Amino acid sequence: MKRDYVDTGDVRLVYRHFAFLGEESVWAAEASECAAEQGKFWEYHDILYENWVGTNVGAYAYNNLIGFADILQLDVGQFGTCMDERKYLDRVRGDSEFAEDNGVTSTPTVFINGQHVRGNDYGTFRDAIEAALAGN
């Protein structure tokens, strides 16, 4: 989907956090934004999912989040400062409120032109994107 629509410039991808699993999910979302400052949002996103072991069991404790930044060769000092300042807390909370206000109950959830698209296969998303591009 990214290759066919986002990379071509036809579609803009917007990622919103849905930190609904407690404080650790909020920290993880904030950490991914701190990684984005250094151009590694998706890499950090992926390492979070690879290391998830359960809800609020310490997988996303501060030291682990710093460790993930180190694995990705981020500037750990800059990353740590970003985390300590809770620079992206309001954004994460705002994204989560948006999700709750729009009936999101799980991840991933996809919206196309503000419409919740149910399904998880390429064809469903392709059809919805094509309809949106056609103005339908």
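The values are calculated or read from the model by the stated rules, or taken from the named source; none is laboratory data. For clarity, every value in this text was computed on a predicted model and none was experimentally measured. For neighbour counting, all protein chains shown are included, and Cβ atoms are generated from backbone atoms with ideal geometry for every residue, glycine included.
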Quiz item: Within the stretch 43-56, how many residues are surrounded by fewer than 13 Cβ atoms within 10 Å (Cβ to Cβ) and under 16 Å from Phe20 (Cβ atoms)?
Solution: 4
Quiz item: Within the bounds of the stretch 103-113, is there any residue that is assigned to a helix (DSSP H, G or I), of a type in the set (Phe, Trp, Tyr) and closer than 26 Å to Arg3 by Cβ?
Solution: no
Practice problem: Return yes when Gly9 is at pLDDT below 95, loosely packed, with under 15 Cβ neighbours inside 10 Å, outside any helix (DSSP H, G or I) and on the phi > 0 side of the Ramachandran plot and no when it is not. | Solution: yes
Practice problem: Restrict the check to the stretch 43-53 and report whether at least one residue is more than 20 Å from Val92 (Cβ to Cβ) and without any contact (Cβ under 8 Å) to a residue 40 or more places away in the chain. | Solution: yes
Quiz item: Could you give every pair whose Cβ atoms fall below 7 Å, whose first residue belongs to the stretch 23-40 and is touching a residue at least 60 places away in the same chain (Cβ under 8 Å), and whose second residue is of a type in the set (Phe, Trp, Tyr), counting only separations of at least 6 or pairs across chains?
Solution: Glu30/Tyr88
Quiz item: Before we move on, is Glu130 within 29 Å of Leu65 (Cα to Cα) and either outside any strand (DSSP E or B) or of a type in the set (Lys, Arg) (or both)?
Solution: no
Practice problem: Return yes when Ala59 is surrounded by 12 or more Cβ atoms within 10 Å (Cβ to Cβ), assigned to a helix (DSSP H, G or I) and over 15 Å from the mean Cα position of the chain (by Cα) and no when it is not. | Solution: no
Exercise. Within the stretch 71-128, track down each residue that is touching a helix residue (DSSP H, G or I) at 6+ places or on another chain (Cβ under 9 Å), surrounded by 12 or more Cβ atoms within 10 Å (Cβ to Cβ), without any contact (Cβ under 8 Å) to a residue 24 or more places away in the chain and β-branched (Val, Ile, Thr).
Key: Val76, Thr81, Val110, Ile112, Val117
